[in-house]
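Only the coordinates and a few stated rules stand behind these numbers; no lab work does. Quick caveat, the model's predicted, so the values are computed rather than measured. Positions of Cβ are backbone-derived with ideal geometry, glycine not excepted, and every protein chain shown enters the neighbour counts.
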Amino acid sequence: MHENKAHRAGFVAIVGAPNAGKSTFLNYVLGEKVAIVTSKPQTTRHRILGVMSEDDSQLIFWDTPGLHAPGQALLNREMMNRALAALEDSDLALWVVDGVRRGAEHKTALEAVAQSKRPLVVALNKVDAAPDKAAILPLIKEIEEAVHPQVIVPISAKTGDGVRALLDEIIKILPENPPFYPGDTLTDQPERIIAGEMVREAVFKLTSQEIPYSTAVTVDEFKDEGGLISIMATIHVEKESQKGVIIGKGGSMLKKIGQTARLNIERMVGEKVFLKLFVRTTRDWSKKKSTLLEFGYGD
Ligand SMILES: Nc1nc2c(ncn2[C@@H]2O[C@H](COP(=O)(O)OP(=O)(O)OP(=O)(O)O)[C@@H](O)[C@H]2O)c(=O)[nH]1
Ligand SMILES: [Mg+2]
């Protein structure tokens, strides 16, 4: 720590519509994959803490589920509650906006950040994919007029473009505080939980329609056997017919899911992994408080 410069630290809630790139942003700033990322909306289901420590600052991020109109499903209401609670618990709201494509949820997100009393910073994401850079100027103006953020920074969470400038703007706003976490803290997610998430990510990437949204993963065993991590996990679906889709013809889909997840888990733990997957029908798990709790989606 430099003696002549105050140390700043605080909690930053990363909020925004589903698929805006919130988890991609968190992984980029941490330099590690702690949150799963897919091209499908509503990938993130709970809040994930990520800590970035520098000499004079500590940014404590909450990655959150995408803000959306939750409808009837209990899981989706829990997801919205997670995101709004993170906003509530933060010193600053970082609203991640998809700079290329905005769906109906853009308005839901806008309303939530407009209601929040936290200082607001906007990251206009995916500028690497914007076909016409000039087209983002009207969007910047629109957001400025609607929510009066302290600053709007165009970024690419994928390439890292603009991210340093964004972090510096955030640090300027954070209160003077000593660090809240030891400098080597990265996340509150144990490897065991991230491993389960990586199985869920593989399901999201390899299946379609309602299947990803009907899936939850529990890790039944996570054992370090000296040079080999042995993991047993269960993929829960809501209906018997979905079980067949996850298993696939002659077990081919389950095999693909397992291979995809295993490679990611091995990258994370830096060791060989043995991954055994089971598939189980837990009828209507996303609609019942008890199973949501059991699968880690409740309070
Ligand atoms: N081209 C481009 N794609 C991006 C960028 N950031 C994220 N993406 C892609 O956008 C998709 C969604 O990214 P996520 O990080 O999962 O988005 P999210 O906001 O966490 O989504 P939810 O968890 O569903 O709310 C993925 O396919 C990412 O690869 C970016 O800066 N540029
Ligand atoms: Mg996410």
With the cut-off at 1.5 for a/c, could you classify segment 157-203 from its C-alpha gyration tensor as rounded, prolate or oblate? oblate
If the cut-off is 15 Å between C-alpha atoms, which aspartates and glutamates fall inside it for Lys289, apart from same-chain ones fewer than 8 positions away? Glu78, Glu238, Asp299
Stretch Ala146-Glu32 to full length: gain in nm at 0.36 nm per residue minus the Cα-Cα span? 37.6 nm
Point-to-point label distance, Leu137-Gln72, nm (Cα→Cβ direction, 7 Å offset): 4.8 nm
Sort segment 33-141 into rounded, prolate or oblate with this rule: let a ≥ b ≥ c be the square roots of the eigenvalues of the Cα gyration tensor; rounded if a/c is under 1.5, and if a/c is not under 1.5, prolate when a/b is larger than b/c, oblate otherwise. rounded
Can you grab the distance from the C-alpha centre of segment 60-86 to the C-alpha centre of segment 36-55, Å, no decimals? 13 Å
Length released on extending from Lys239 to Glu225, taking residue separation times 0.36 nm less the Cα-Cα span: 1.6 nm
Find out how many positive minus negative residues lie around Thr187, taking Lys and Arg as positive, Asp and Glu as negative, among other residues whose Cβ is under 15 Å from that of Thr187. -2
Return the whole-Å distance between the Cα centroid of segment 240-299 and the Cα centroid of segment 105-180. 34 Å
Within segment 147-176, backbone nitrogen closer than 15 Å to the virtual label 7 Å beyond the Cα of Val100 toward Cβ: 155-161
Going down the list Lys33/Lys126; Lys5/Lys117; Lys22/Lys117; Lys107/Lys133; Lys126/Lys243; Lys22/Lys205, which pairs span over 24 Å between their C-alpha atoms? Lys5/Lys117; Lys126/Lys243
Using modelled backbone amide H atoms (1.01 Å from N, in-plane), which distant-in-sequence or interchain residues come within less than 5 Å of Val217's amide H? His236
Report the relative contact order of the chain, percent, no decimals, based on alpha-carbon pairs under 8 angstrom and at least 6 residues apart. 18 percent
Taking the Cα centre of segment 79-120 as origin, work out the dipole magnitude from +1 charges on Lys and Arg Cβ and -1 charges on Asp and Glu Cβ, in debye rounded to 20. 140 debye
Under a cut-off of 20 Å between alpha-carbon atoms, report the aspartates and glutamates in cross-link reach of Lys141, not counting same-chain residues fewer than 8 places apart. Asp98, Glu105, Glu111, Asp128, Asp132, Glu169
Using +1 at the C-beta of Lys and Arg and -1 at the C-beta of Asp and Glu, which of Val237, Met268, Leu292 has the Cα lying farthest in the positive direction of the dipole of segment 214-299? Val237
Using a Cα-Cα cut-off of under 17 Å, which aspartates and glutamates could be cross-linked to Lys276, ignoring same-chain neighbours fewer than 8 residues away? Glu191, Glu197, Glu201, Asp220, Glu221, Asp224, Glu225, Glu266
Pairs of alpha-carbon atoms within less than 8 angstrom and 6+ residues apart define the contacts here; what relative contact order does segment 1-138 have, in percent? 28 percent
Spin-label point model (7 Å from Cα, Cβ direction): what's the Thr185 to Ala6 distance in nm? 2.2 nm
Rounded to the nearest 20 debye, dipole of the chain from Cβ charges on Lys, Arg, Asp, Glu: 1360 debye
Hey, can you list the DSSP H helices of the chain whose Cα span along the axis is 27 Å or longer and whose average Kyte-Doolittle score is at least -1.0? none
Placing each pseudo-label 7 Å from Cα in the direction of the beta carbon, Arg280 and Glu169 end up separated by a distance in nanometres of 4.7 nm
Charge context of Glu78, other residues only, Cβ under 10 angstrom, K/R +1, D/E -1: +3
